[in-house]
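The values are calculated or read from the model by the stated rules, or taken from the named source; none is laboratory data. Because the structure is predicted, anything quoted here is derived from the model rather than measured. All Cβ positions, glycine included, derive from the backbone under ideal geometry; neighbour counts span all protein chains shown.
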Amino acid sequence: MITRKRTIAIYPGSFDPLTNGHLDVIRRAQEIFDHVIVGVLNNLSKKTPLFSPEERISIIKECFEDPSVELDPARIEVETFDGLVVEYARMKKAVAIIRGMRALSDFETEFQMALMNRELNREVQSVFLMTGSRWIFTSSSIIKEVARFGGDISDMVPKPVERRVKEKFAQTRERPVANSK
């Protein structure tokens, strides 16, 4: 009897915050792989994140508990990592790194990263999944910008994310402004 090897994929990103586009990619990755690890990157090159890595993990896990997101939480793991994604993939015995693509503009950067990852570890494949057309314009940066100015993000993010983003921006507006005198 031949037994099939369990396939594990890493979906790395900052997820600051998680969007419906990210969820779309995770859903489709679950159709291909047995287990998906959402690797929350502690990305030091990003300026100032809205949420700490621990907050992002908490929010993502809360989203996965909601039955309306249509994911199998038993087949998803969420954890933080730093360093090279190919080293993280090797440590987790992953066969693939999932990358979400929204538009042609993402291709050049993603292509360069995939080639470098391939050079560093030929055992791990880069798998590109196009975000559903409904989410092509959505990015974490745009979500934060819209929310910062009180715009409606309810159709672009899961409910727990919407709540936590609103709470975070409410905290920053409540801080007293220093008098310049």
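What to note about this one:
Quick grid of which residues meet (1) among the charged types (D, E, K, R); (2) more than 12 Å from residue 124 (Cβ to Cβ); (3) surrounded by fewer than 14 Cβ atoms within 10 Å (Cβ to Cβ):
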residue: 68; (1), (2), (3): no, yes, yes
residue: 85; (1), (2), (3): no, no, no
residue: 88; (1), (2), (3): no, no, no
residue: 95; (1), (2), (3): no, no, no
residue: 106; (1), (2), (3): yes, yes, no
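- Of the residues making up the range 128-176, those that are in contact (Cβ under 8 Å) with a residue 24 or more places away in the chain and of a type outside the set (D, E, K, R) number 18.
- On inspection, residue 103 fails the criterion of being within 19 Å of residue 14 (Cα to Cα), touching a residue at least 40 places away in the same chain (Cβ under 8 Å) and within 17 Å of the chain's Cα centre (by Cα).
- Test for residue 3: is it out of contact with any Pro (no Cβ under 9 Å at 6 or more places or on another chain), more than 24 Å from residue 141 (Cα to Cα) and at pLDDT below 95: yes
- Members of the range 113-145 that are hydrophobic (A, V, I, L, M, F, W, C), part of a helix (DSSP H, G or I) and within 24 Å of residue 164 (Cα to Cα): 135, 142, 143
- All of 54, 65 fail the test of being more than 12 Å from the chain's Cα centre (by Cα), in contact (Cβ under 8 Å) with a residue 24 or more places away in the chain and farther than 21 Å from residue 130 by Cβ, apart from 54.
- A single member of 141, 154 is more than 20 Å from residue 49 (Cα to Cα), surrounded by fewer than 17 Cβ atoms within 10 Å (Cβ to Cβ) and either in contact with a Cys (Cβ under 8 Å, 6 or more places away or on another chain) or polar (S, T, N, Q) (or both), and it is 154.
- Sole exception among (1) touching a strand residue (DSSP E or B) at 6+ places or on another chain (Cβ under 7 Å); (2) not in a helix (DSSP H, G or I) for residue 110, by number: (2)
- The residues on offer are 7, 80, and the sole one that is over 18 Å from residue 162 (Cβ atoms), of a type in the set (S, T, N, Q) and under 14 Å from the mean Cα position of the chain (by Cα) is 80.
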